[in-house]
Every structure is written in C-alpha cells, then in structure tokens.
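Enquirer: There's a structure below that I have some questions on.
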Amino acid sequence: MIKYKLNFKRDVDIDEPGVLILNLPGGWKFNHDPFSVCHTCAYDSMKELRDDIKHSVEPCDCEECKEMILKNN
C-alpha cells in the first residue's frame, strides 16, 4: 500500500501561532468522514498532525485530485 509522506514546506501552513494547517497534495484525502472528501485539516501540534497522517490519510481519486495530478504532470 502506498503511504503519504509529509513534505512540511509544501503541505503545511502555519495559520497562527500553534495552528498547523495540512493541505494534502493531489491524490490524497483524509478518511475522517466517509461521506465527504476532505483534503485540508488543522492541528494544534506537530505530534497530532503526524499521528493523524499515520491513521487518516489515504489515496484519493476524486475529480479535483485527478485534475490536480494531470495539471502537475
């Protein structure tokens, strides 16, 4: 199985002190809600972000991801 690898400079924005925003690149989504596709999530700590990556990020084949992948290739 393919695993997402964090690229901090590309994928993480610091919204305000202590808030990390993870913007997954094309081809990846969070599995928090099985009824919607989510590519962005906020965290209070780097530990929380890394733990969530291990358990909640999976491949995505939604139209938005397909377009993003085609655009970047």
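The values are calculated or read from the model by the stated rules, or taken from the named source; none is laboratory data. These numbers come from a predicted model, not from an experiment. Note that we place each Cβ from the backbone using ideal geometry, even for glycine, and neighbour counts take in every protein chain shown.
Enquirer: Look at residue 11 and say whether it is among the charged types (D, E, K, R), modelled with pLDDT of 95 or more and surrounded by 14 or more Cβ atoms within 10 Å (Cβ to Cβ).
Expert: Details: among the charged types (D, E, K, R): yes; modelled with pLDDT of 95 or more: yes; surrounded by 14 or more Cβ atoms within 10 Å (Cβ to Cβ): yes.
Taking the combined requirement at face value, the residue satisfies it.
Enquirer: To continue, here is another question. From (1) of a type in the set (Ser, Thr, Tyr); (2) more than 22 Å from residue 73 (Cα to Cα); (3) in contact with a strand residue (DSSP E or B) (Cβ under 8 Å, 6 or more places away or on another chain), pick out the condition that doesn't hold for residue 36.
Expert: All conditions are met except number (3).
Enquirer: Which of the residues spanning the stretch 31-73 are surrounded by 12 or more Cβ atoms within 10 Å (Cβ to Cβ), over 23 Å from residue 15 (Cβ atoms) and of a type in the set (Asp, Glu)?
Expert: The answer is 58, and nothing else.
Enquirer: For residues in the stretch 14-26 being surrounded by 17 or more Cβ atoms within 10 Å (Cβ to Cβ) and modelled with pLDDT of 95 or more, which is nearest to residue 4 (Cα to Cα)? Before you say what the answer is, go through the steps one by one.
Expert: Going residue by residue through the stretch 14-26, those that are surrounded by 17 or more Cβ atoms within 10 Å (Cβ to Cβ) are 20, 22, 24, 26.
Now drop any that are not modelled with pLDDT of 95 or more, which leaves 20, 22, 24.
Values: 20: 17, 22: 12, 24: 9 Å.
Among those that are surrounded by 17 or more Cβ atoms within 10 Å (Cβ to Cβ) and modelled with pLDDT of 95 or more, it is 24.
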